[in-house]
Amino acid sequence: MSTFFGHPRGLATLFFTEMWERFSYYGMRALLILFMTASVEDGGLGFDVGRAAAIYGTYTAVVYLLSLPGGLVADRFLGLRRAVLLGGVIIMVGHICLAIPSLPSFYAGLVCIVIGTGLLKPNVSAMVGQLYSDEARRDAGYSIYYMGVNLGGFLAPLLTGYLAQSASFRSFLGRHGIAPATSWHWGFGLAAVGMFLGLVQYLVGGRHLAGIGQVPERAIGGTAAPKRRWSVVAGCLGAVAVLALLGSRLHIQVTPQSIANLFGVLIFGGAIACFCWIFLSGRWTRDERRNLVLILVLFLAAALYWSGNEQAGSTFNLFAQNQTRTDLFGWSFPASWLQSVNSLFVILLAPVFAALWLRLGKRNPPSTVKFALGLVFLALGFAVMTGAGFYAATGVKVSPMWLIVVYLLHTIGELCLSPVGLSAMSGLAPARILGLVMGIWFLATSMGNYVAGRVASFYVVSALPLLFGVMTVVSAIGAVVLWMLGPRFGGIGMRHHEIPATSEAPP
């Protein structure tokens, strides 16, 4: 087969690599906070919600935060292709660690997954863009690639959730002399199998990538800069030393919450420092600098969006487990299965949105307008959750249709924002920092995940209608502000970066 749906054959290699990587990630993500809050007798860790939320928020934030240095390492040292391979191997090792029932292996697994994803995620996305020289075909290629993300995101919670939570599989384990409480680790182990399959097909299909991603772009200025490399290493080591000194002087107690607070400072401070460094370090042309301003605007809007959307794995997951009936039309299912709904809606609705953007033609709105629409649907979803919170406050478990409607609204918002942003980053980024800018895009997701995780810590101490109501108002305000700012940026490289074909789940 010389082409893949009319696109370069290399797109198939990257499509399935990302599909299996997302299978491993979303399969584990669907279980993570439920596993941490489950009782020890049930095979979980027995953590309280506050501690589990701090770990969950930090983990999901750092997964995407490390996309930033991961892109930089690929740009300067490894090249995109080697970074993806190394990242996949580390991810697989991490899931194997999670399959081992012990607390040290649990933390070791999380560390491995965040390092591996940081290397793989931005660089496999960047390689998709390098398959094309034509912008319209590149946008369509990203759309097909986005479908791979959602296919993995749809299948993973169903399969890993069945192994981890279903009564039938636990009975199967018991009949074969295996402790039923270990079912969680079978779910984590399946995620490792998924990543292994992704690596096999990546190596087999690598010949279709030609020379893409093999040679690193050395420096922002386009030439090798070994002194700058050592200055970056020295700066990182200095930062670690300063943090260690402050910790010892201030007698900071090391807890999941204190570590989460520290990473919060690093994430938000790092985002500010990163943009300052980019604007001040490079010899940018006028057009490149204008594009960088647009990247900053879209970055802030995306961070706000993901802070709400990514509550699917934390607050909404807890709501599904504790306040929602896990049955529909007389059929019972594990709570983690609801994590597949978002990806299913993306798969169903992405072609509709693709046709819509093409149908609009010259009336196709700019990226800022689409991002604002994404925030509008995010606010509508939280308005529905506010209603569900009022019912749940009476002590009655609500129908799963509440969450399904919320996921539908948030998916519509996602299709207005996420694929558009993914393509825009690839098109707007100066070529010599392409991997870095793709990492910056995932840094917005990192910030959103961190906030989403920390919001979950209020799950048991705040009234649910108040919690969801605040998110409704914040999302609506963000949409209004972005809509008002849109005309100021409408002419800066906007319309020709829109995706005309399909879409994705959270990156």
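The values are calculated or read from the model by the stated rules, or taken from the named source; none is laboratory data. Everything numeric in this text was worked out from a predicted model, so none of it was measured. When we count neighbours, we look across all protein chains shown, and the Cβ atoms used for this are built from the backbone with ideal geometry, even at glycine. In case anyone asks, the SASA skips ligands and DNA or RNA and just uses the protein heavy atoms, side chains included. Shrake-Rupley method; radii C 1.70, N 1.55, O 1.52, S 1.80 Å.
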* Gain on full stretching of the segment that runs from ILE477 to ILE404 - 0.36 nm per residue minus C-alpha separation -> 23.8 nm
* Asked: Tally Lys/Arg at +1 and Asp/Glu at -1 over every other residue whose Cβ is under 14 Å from the Cβ of GLY453; what's the total?
  -> +2
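Which order do SER332, SER258, SER171 take by accessible area at a 1.4 Å probe, largest first?
If we order SER332, SER258, SER171 from most to least accessible, we get SER332, SER171, SER258.
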* Structure fact -> What the 10 Å binned alpha carbon P(r) of the stretch 16-132 shows, as percent of pairs per bin from 0, is 14, 43, 28, 12, 3, 0
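At 1.4 Å probe radius, can you tell me the per residue accessible area of the stretch 155-220 in Å²? Mind showing how you got there, number by number?
Details: 3010 Å² over 66 residues.
Ligands and nucleic acids excluded, the figure is 46 Å² per residue.
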* Mind jotting down a quarter of the surface of the convex hull over the alpha carbons of the stretch 1-75, in square nanometres, one decimal? => 7.4
* Simple label model, 7 Å out from Cα along Cβ direction - SER462 to ILE100, nm -> 3.8
* Asked: How many nm separate the modelled label positions at PHE268 and ALA431, each set 7 Å beyond the Cα in the direction of the Cβ?
  -> 3.9
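Quick one: pull the percent of accessible area on the stretch 45-172 belonging to carbon and sulfur, 1.4 Å probe, ligands and nucleic acids left out.
Numbers: 2860 of 3820 Å².
Heavy-atom surface of the stretch 45-172 belonging to carbon and sulfur, 1.4 Å probe: 75 percent.
Give me the net charge of GLY152's neighbourhood, meaning all other residues with Cβ under 10 Å from the Cβ of GLY152; Lys, Arg count +1, Asp, Glu -1.
Residues near GLY152 contribute -1 overall.
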* To do: Could you tell me the accessible area of TRP402 in Å² (1.4 Å probe, neighbours in place), rounded to the nearest ten?
  => 80
* Asked: If you add up the charges near THR37, with Lys and Arg at +1 and Asp and Glu at -1, over every other residue whose beta carbon is less than 14 angstrom from its beta carbon, what do you get?
  -> -2
* Carbon and sulfur: what percent of the stretch 275-350's accessible surface (1.4 Å probe)? -> 60
* Structure fact -> Here the gain from full extension of ALA167 to ARG286, 0.36 nm per residue of separation minus their alpha-carbon distance, amounts to 36.7 nm
* **For the stretch 337-423, accessible area per residue (1.4 Å probe, heavy atoms of protein chains only), Å²** => 37
* Asked: Given a cut-off of 26 Å, what percent of all Cα-Cα pairs of the stretch 74-202 lie beyond it?
  -> 34
* Tell me which residues come under 5 Å, amide H to amide H, from VAL398 once H is placed; ignore anything under 5 positions away on its chain. => THR324, ARG325
* To do: Return the distance in nm (one decimal) between the two label points of a simple spin-label model at PHE279 and SER332, each offset 7 Å from Cα along Cα→Cβ.
  => 5.7
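With a 1.4 Å probe and every protein chain left in place, work out the accessible area per residue of the stretch 1-150 in Å², rounded to a whole number.
Numbers: 4330 Å² over 150 residues.
Value returned for the stretch 1-150: 29 Å² of accessible area per residue.
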* Just how much of HIS176 is accessible, in Å², when a 1.4 Å probe is used and the result is rounded to the nearest 10? -> 120
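Where does each of ASP75, ASP42 land when they are ordered by accessible area, with a 1.4 Å probe and the largest first? Each step should come with its number before you reach the end.
On the way: ASP75 15, ASP42 55 Å².
Solvent-accessible surface, decreasing: ASP42, ASP75.
Using the 2.2 N^0.38 Å rule of thumb for compact globular proteins, work out how the stretch 346-443 stacks up: its C-alpha Rg over that value, please. Intermediate values should be presented prior to the final figure.
On the way: Rg = 17.2 Å, N = 98, 2.2 N^0.38 = 12.6 Å.
Against the empirical 2.2 N^0.38 Å value, I get 1.37 for the stretch 346-443.
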* To do: Could you tell me the distance between the Cα centroids of the stretch 168-207 and the stretch 304-374, to the nearest Å?
  => 26
